[in-house]
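The block underneath contains the structure these notes are about, expressed in structure tokens.
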Amino acid sequence: MNVIKRNTLPAGIAMVKSFLLLFTVLFIAGSAWAVSAGGVTINKEVDTTTPIKELKSAAEQGDASAQFNLGLRHANGRGVGLDFSEAVKWFRKAAEQGNALAQHNLGHLYLTGQGVEHSDSEAAKWSRKAAEQGVVEAQYNLGLLYYNGRGVERDYDEAFKWYRKAAEQGDKVARHSVGVMYHYGQGVKRDSGEAAKWYRMAAEQGVAVAQYNLGIMYENGQGVGRDYGAAVKWYRKAAEQGVAEAQYNLGLLYYYGREVERDYGEAAKWTRKAAEQGDADAQYVLGYMYATDKGVEQNETRAYELWSDAAKQGIQRAQKDLDVLCKKNPEVCR
């Protein structure tokens, strides 16, 4: 998670979060395949119509397409037992014949260590082969490997190159990652306008973290004109998808009445959602609202509980307010 300077808000309540979120999900090809590391599929259905004996016979005779589909069958347990070792076996045979989707899936299994010993270097090797053949998921994964220095030397130039290739094919997560790299000048000249452009593309495709980041751009006037109304719009979309940081920021906009009618009830609603996800700033703010009878019925016991949680996560203001509360009402703190 990358951090940029936060906004300063009036005293008495925490500041709006102004840091960007970066996706780190890995993708895998084969529409029915969902693995533990997370994955999004491409429009390549598992062949469930060809009888397994016929498919296996073709695979054993060296048919790369049959080998790939047999690998998918084993990866999904379709007509055969779920067996990642067998999936690796058949993906490898197809990959060695140049099947791009098999190369990608083999690389992914090296990343997840399913059916084969985990190896970032092997993952990078096979992801590169698939990426060079235009497999969008492999291009994204290769960018991610370069970004994090897994299996390859960390190289933001290469990361940006492969993210951009995937983004230009319409990959929504890659578009968000391109936006982040433009925002921070990683592998490309820093350009807030370009960052906002790519965030918008991803946000319009429903990427929650891109919606949140675009909200930040509008609130701060970075790469776009400052527009609290647009910030509210995008924060709300991200908040409704469960992004705690967006829920917190939306709550504060309602608290201060920025481009929305001031509504302490709505402020409490969204701040609570973020606090329930463990967001320390939200825990502090919700505690403040309980202590000051704003949007919720005054409850110093609840304020104590929330401030205690926030203080444990390092929110210094929460500890100061706890000290004041406990001096004022020792019974609450017992």
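The values are calculated or read from the model by the stated rules, or taken from the named source; none is laboratory data. Treat the numbers as computed from the prediction; the structure is a model and nothing was measured. All Cβ positions, even for glycine, are placed from backbone atoms using ideal geometry, and neighbour counts span all protein chains on display.
In the set (1) at pLDDT 95 or above; (2) of a type outside the set (A, V, I, L, M); (3) touching a Ser or Thr at 6+ places or on another chain (Cβ under 8 Å), the condition left unmet by residue 297 is number (3). Among the residues of this structure, residue 131 counts as one that is at pLDDT 95 or above, of a type in the set (A, V, I, L, M), surrounded by 24 or more Cβ atoms within 10 Å (Cβ to Cβ) and more than 18 Å from the chain's Cα centre (by Cα). Taken over the range 104-126, the residue count meeting the criterion of being touching an Asp or Glu at 6+ places or on another chain (Cβ under 9 Å), on the phi < 0 side of the Ramachandran plot and without any contact (Cβ under 8 Å) to a residue 60 or more places away in the chain is 4. Cβ-Cβ contacts under 7 Å between residues 6 or more apart (or on different chains), taken from a first residue in the range 191-207 that is in a helix (DSSP H, G or I) to a second residue that is among the basic types (Lys, Arg), are listed as 198/175; 201/175; 202/172; 202/175. The set of residues in the range 295-334 that are surrounded by fewer than 17 Cβ atoms within 10 Å (Cβ to Cβ), on the phi < 0 side of the Ramachandran plot and not in a helix (DSSP H, G or I) comprises 297, 298, 299, 313, 329, 334. When residues in the range 81-100 are screened for being within 17 Å of residue 58 (Cα to Cα), outside any helix (DSSP H, G or I) and of a type in the set (A, V, I, L, M), 0 of them pass. On the stretch given as the range 159-180, residues that are aromatic (Phe, Trp, Tyr) and either surrounded by fewer than 21 Cβ atoms within 10 Å (Cβ to Cβ) or not in a helix (DSSP H, G or I) (or both) total 0. The combined condition, being part of a helix (DSSP H, G or I) and closer than 21 Å to residue 211 by Cα, is fulfilled by residue 254. Filtering the range 146-174 to residues that are of a type outside the set (Ser, Thr, Tyr), over 20 Å from residue 95 (Cα atoms) and in contact with an Asp or Glu (Cβ under 7 Å, 6 or more places away or on another chain) leaves only 150. Here residue 154 fulfils each of the conditions (1) closer than 22 Å to residue 244 by Cα; (2) surrounded by fewer than 19 Cβ atoms within 10 Å (Cβ to Cβ) apart from (1).
Residue check, residue 260 against (1) within 25 Å of residue 217 (Cα to Cα); (2) at pLDDT below 95; (3) part of a helix (DSSP H, G or I), all met but one. Which one? So residue 260 meets the others, but not (3).
Inside the range 208-250, residues that are in contact (Cβ under 8 Å) with a residue 60 or more places away in the chain and in a helix (DSSP H, G or I) make up a count of 9.
Being within 12 Å of the chain's Cα centre (by Cα) and closer than 24 Å to residue 257 by Cα holds for only one residue in 222, 211, and it is 211. Among the residues of the range 183-199, write down those that are surrounded by 24 or more Cβ atoms within 10 Å (Cβ to Cβ) and not hydrophobic (A, V, I, L, M, F, W, C). Selection gives 183, 199. When the test is whether a residue is touching a helix residue (DSSP H, G or I) at 6+ places or on another chain (Cβ under 6 Å), touching a residue at least 24 places away in the same chain (Cβ under 8 Å) and under 16 Å from residue 294 (Cα atoms), residue 265 does not pass it. Residues satisfying the criterion are absent from the range 65-85 (criterion: free of Cβ contacts under 8 Å to residues at least 12 places away in the same chain, hydroxyl-bearing (Ser, Thr, Tyr) and more than 19 Å from residue 136 (Cα to Cα)).
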